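The values are calculated or read from the model by the stated rules, or taken from the named source; none is laboratory data. No experiment lies behind these values; they were computed from the predicted model shown. Cβ placement follows ideal geometry from the backbone for every residue including glycine, while neighbour counts extend to all protein chains displayed.
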Amino acid sequence: MALASLPQPAIWMAALGVLSGTLSSYELPYMDGMEILGVNVQQGLLFGPVIAFGLFRWGRALLPVALIAVPITLLAWIAAYKTFIFVTEADFDAAIGGIAAGAVGAAGTLSAGAIALEALRRIPAWLLVVAAGAFAGILVVYPYNSGDENFLVLFVPWQALVAASIGYALSFGQTSNDPTAKSIPNA
């Protein structure tokens with residue numbers, strides 16, 4: 001599929017995911033030490049507004065409903081982190097932990113959109129977004145195995161791919177009067 005044939009929400013949300021993923025990779029001074037359940041919340045707090053904006057702008061969700069994505073995405077980040085720790089402490093490979101954590105984080109993030117919009121409650125949306133998160137989650141292997149504290153190699157592609165997948169899923173079932181929409185049969 002050519003980039004030009006992707007719906008605009010997918011492209012813009014991917015770009016915003018690259019931005020939030022890049023910021024998530026560095027310790028920002030105003031977020032230093034912010035933890036919930038022993039997990040640094042910076043990644044969730046930066047990615048949540050990307051999802052909320054996408055739901056509001058392209059999904060046409062009401063702003064208060066779209067803003068629910070911020071705390072839910074934060075909880076998804078915490079769940080993904082805890083999943084990775086649980087899996088790796090159970091003596092599974094970091095790749096398995098990354099796949100599991102990526103899927104959990106993507107499913108949690110998508111649940112925020114599913115609360116707001118019917119298009120994101122459909123099975124194809126869940127399959128797409130969770131598969132994208134699991135696929136990108138495997139990238140945790142490099143920083144985990146190398147001891148590199150910079151997770152740029154994970155956060156940028158994961159957040160871009162999950163955001164783009166949600167942006168793409170927003171177009172599921174739209175009518176053809178929107179030139180940026182891709183029509184996919186309802187599941």
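Remarks
Per-residue answers, yes or no, for (1) closer than 24 Å to Gln42 by Cβ; (2) modelled with pLDDT under 95; (3) of a type in the set (Asp, Glu):
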position: Lys82; (1), (2), (3): yes, no, no
position: Ala94; (1), (2), (3): yes, yes, no
position: Phe135; (1), (2), (3): yes, no, no
position: Phe155; (1), (2), (3): yes, yes, no
position: Ile166; (1), (2), (3): yes, no, no
position: Ala187; (1), (2), (3): no, yes, no
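- Those residues of the stretch 59-96 which are under 19 Å from Leu117 (Cα atoms), over 16 Å from the mean Cα position of the chain (by Cα) and not charged (D, E, K, R), in sequence order: Ala61, Leu62, Leu63, Pro64, Val65
- Here Glu118 meets each of (1) charged (D, E, K, R); (2) out of contact with any Leu (no Cβ under 8 Å at 6 or more places or on another chain); (3) modelled with pLDDT of 95 or more with one exception, condition (3).
- Residue match in the stretch 71-78 (condition: aromatic (Phe, Trp, Tyr), under 18 Å from Phe155 (Cβ atoms) and free of Cβ contacts under 8 Å to residues at least 60 places away in the same chain): yes
- Filtered residues of the stretch 20-39 (kept if within 19 Å of Glu149 (Cα to Cα), in contact with a helix residue (DSSP H, G or I) (Cβ under 8 Å, 6 or more places away or on another chain) and without any contact (Cβ under 8 Å) to a residue 60 or more places away in the chain): Leu23, Glu27, Leu28, Met31, Met34, Val39
- Within the stretch 139-161, residues that are over 13 Å from Ala101 (Cα atoms) and without any contact (Cβ under 8 Å) to a residue 24 or more places away in the chain have Cβ atoms under 6 Å from residues that are hydrophobic (A, V, I, L, M, F, W, C) and outside any loop (DSSP other than H, G, I, E, B) in these pairs: Tyr142/Val153; Val153/Leu139, counting only partners at least 6 apart in sequence or on another chain.
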